[in-house]
Amino acid sequence: MTEDFSGCHVPLITPFKDDLALDEPGLRQLVNHFIEVEKVDGLVPCGTTGESPTLTNEEHDRVIEIVVDETAKRVPVIAGTGSNSTQEAIVRTKHAESVGADASLQVAPYYNKPMQAGIMAHYEAIAKATNLPIIIYNIPSRTGRNIEPKTIIELAKIDNIVGLKDAAGDLNQTMAIIRALTANGKPFYVLSGEDPMTFAMMCLGGHGTISAVANVVGREFTEMCHLARAREVEKARRIHYRLLPLINALFIETNPVPVKEAIGMMGLPAGPPRLPLVPLRPENRAFLAEVLKEAGRLS
């Protein structure tokens, strides 16, 4: 497996029309925007930021097909194909593999709250069913279950499990994983899933990020990641602190509501969120607009 999954990857929003139907031309426009204008390192369709819980299976597959097709191998496409049903995750992953995705992002099983042995068996079954590189996604605030470091370290022994999107919010846990997996010699990508912690994680040995905020400031987040990887820490730190007010503003309500609102304000395809998410409250919209102006993303 020669694909490089370091750097800044954007978990794409899924743009909808006013009637909440999938906006396919808008999605293609976003793919080209992030590759050609924002210069990001990779794209991640059908993640949390893409409202995957409200996509039908047909829409889920279609979004991945469009992103793979429009990307045309210019950057890696890491398809979100996880589920709390192991069999469903396998079906979605096999589809992504068949249409040419470069890797699969696999969220930990949510709601079921499996024990660590169940989490291990879940990922083992998916890895056995596909040749795609798999990136584990650990986000206990949404799934209700943390993937413990020892479980991740054990899963990393599987050939096609190649990385972790770490949204656990615990730097001690992150350090334990990086320390163990740096020592074993196998390439294993640790990517931040918590935007305020990306700079710190990269200073500790992380490889990049799958960043919701990069939907809005892709150029800046990509530059920060590249500088941190090049050990130009002071330059990266300046970008981090400059973007911090915007990062916080983009999580003023549940992701991806503020991100979609910001993208729409910037004149890009976004549309409303699907229920049970609702549009950003007016007072928060006004606040977000001011922060976007300060960040140079709105005139």
> Any idea how many residues of the range 173-217 are closer than 20 Å to residue 148 by Cα, of a type outside the set (A, V, I, L, M, F, W, C), out of contact with any Asp or Glu (no Cβ under 6 Å at 6 or more places or on another chain) and part of a loop (DSSP other than H, G, I, E, B)?
Replying inline: 7
> Out of all the residues in the range 128-149, which are touching a helix residue (DSSP H, G or I) at 6+ places or on another chain (Cβ under 8 Å) and either in a helix (DSSP H, G or I) or closer than 21 Å to residue 4 by Cα (or both)?
Replying inline: 129, 130, 131, 132, 134, 136, 138, 142, 149
> Which is within 19 Å of residue 92 (Cβ to Cβ), exposed (fewer than 15 other Cβ atoms within 10 Å of the Cβ) and of a type in the set (D, E, K, R), of 157, 165, 128?
Replying inline: 128
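Each row is one residue, and each column tells you yes or no for (1) in contact (Cβ under 8 Å) with a residue 60 or more places away in the chain; (2) in contact with a His (Cβ under 6 Å, 6 or more places away or on another chain); (3) surrounded by fewer than 19 Cβ atoms within 10 Å (Cβ to Cβ); (4) not β-branched (Val, Ile, Thr).
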position	(1), (2), (3), (4)
204	no, no, yes, yes
209	yes, no, no, no
220	no, no, no, yes
243	no, no, no, yes
>> Step by step: first the residues of the range 254-299, then only those that are outside any helix (DSSP H, G or I) and under 18 Å from the mean Cα position of the chain (by Cα), then the one that is surrounded by the most Cβ atoms within 10 Å (Cβ to Cβ). Which residue is that?
In response: 256
>> Return the residues of the range 39-77 that are among the charged types (D, E, K, R), part of a loop (DSSP other than H, G, I, E, B) and touching a residue at least 40 places away in the same chain (Cβ under 8 Å); say none if nothing qualifies.
In response: 39, 41, 51
> When you scan the range 1-42, how many residues do you find that are closer than 27 Å to residue 236 by Cα, aliphatic (A, V, I, L, M) and in contact with a helix residue (DSSP H, G or I) (Cβ under 6 Å, 6 or more places away or on another chain)?
Replying inline: 5
> Among the residues of the range 52-107, which ones are surrounded by 15 or more Cβ atoms within 10 Å (Cβ to Cβ), charged (D, E, K, R) and either within 17 Å of the chain's Cα centre (by Cα) or under 20 Å from residue 131 (Cβ atoms) (or both)?
Replying inline: 61, 65, 92, 94, 97, 102
> Yes or no: residue 36 part of a helix (DSSP H, G or I), closer than 15 Å to residue 268 by Cβ and acidic (Asp, Glu)?
Replying inline: yes
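No value in this document is a laboratory result; all are computed from the given coordinates. These numbers come from a predicted model, not from an experiment. Glycine also receives a Cβ, built like all others from the backbone with ideal geometry; neighbour counts cover every protein chain displayed.
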